[in-house]
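Take a look at the structure below.
The values are calculated or read from the model by the stated rules, or taken from the named source; none is laboratory data. Being a predicted model, the structure only gives us computed values, none of them experimental. Counting neighbours? That spans all protein chains shown, and the Cβs are built from the backbone with ideal geometry, glycine included.
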């Protein structure tokens with residue numbers, strides 16, 4: 001039997017170490033979550049060459065095992081660990097989630113839908129853990145009372161953080177070109193301070 005009155009929604013947050021992300025359910029199921037027999041995540045991202053990288057489907061339900069699905073529905077959500085994701089049935093070869101534009105699609109079924117018509121929810125996310133980590137390494141020379149030099153430096157760092165927030169907001173609005181422009185600007189600052197790595 002098809003879902004009625006269903007509104008799917010997810011919340012996603014990348015972990016600070018870029019080794020995983022957490023996904024929570026924010027849907028309106030009207031008590032129908034127990035009828036879901038198939039649930040999976042389709043995870044994609046654009047790499048630095050603008051190539052869309054697609055991970056293999058990540059099942060939240062495997063046969064009668066609903067452990068991941070139950071976690072996803074819980075207040076704590078479910079953690080997706082990068083090392084558990086594969087590409088073409090092989091290890092993905094990534095040490096951490098690269099910063100970039102991620103497209104994470106939750107697809108569910110109660111057995112009454114045929115692909116590609118299952119209910120789904122696409123969540124666009126900016127994964128920026130490395131950029132945020134590098135931003136924390138920007139030099140801050142604090143003195144009291146605040147000198148003109150330290151005020152100018154602090155203002156520059158604050159503006160940099162605003163651009164980082166703006167990059168994340170661009171992804172939320174689906175503006176990939178704008179997102180890339182912000183990343184170029186952010187990397188100019190990191191290059192100026194010779195901040196190449198973080199983790």
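Residue 64 falls short on exactly one of the conditions (1) touching a residue at least 12 places away in the same chain (Cβ under 8 Å); (2) over 20 Å from the mean Cα position of the chain (by Cα), and that condition is (1). Evaluating residue 96 against the criteria (1) in contact with a strand residue (DSSP E or B) (Cβ under 8 Å, 6 or more places away or on another chain); (2) under 30 Å from residue 197 (Cα atoms) leaves one unmet condition, (1). Please tell me if residue 94 is assigned to a loop (DSSP other than H, G, I, E, B), free of Cβ contacts under 8 Å to residues at least 40 places away in the same chain and under 23 Å from residue 18 (Cα atoms). Taking the combined requirement at face value, the residue satisfies it. Output yes when any residue across the range 78-86 is part of a helix (DSSP H, G or I), out of contact with any helix residue (DSSP H, G or I) (no Cβ under 6 Å at 6 or more places or on another chain), within 26 Å of residue 173 (Cα to Cα) and not assigned by TED's automatic domain parsing to the domain that holds residue 165, and no when none is. Yes: the range 78-86 contains one or more residues that are part of a helix (DSSP H, G or I), out of contact with any helix residue (DSSP H, G or I) (no Cβ under 6 Å at 6 or more places or on another chain), within 26 Å of residue 173 (Cα to Cα) and not assigned by TED's automatic domain parsing to the domain that holds residue 165.
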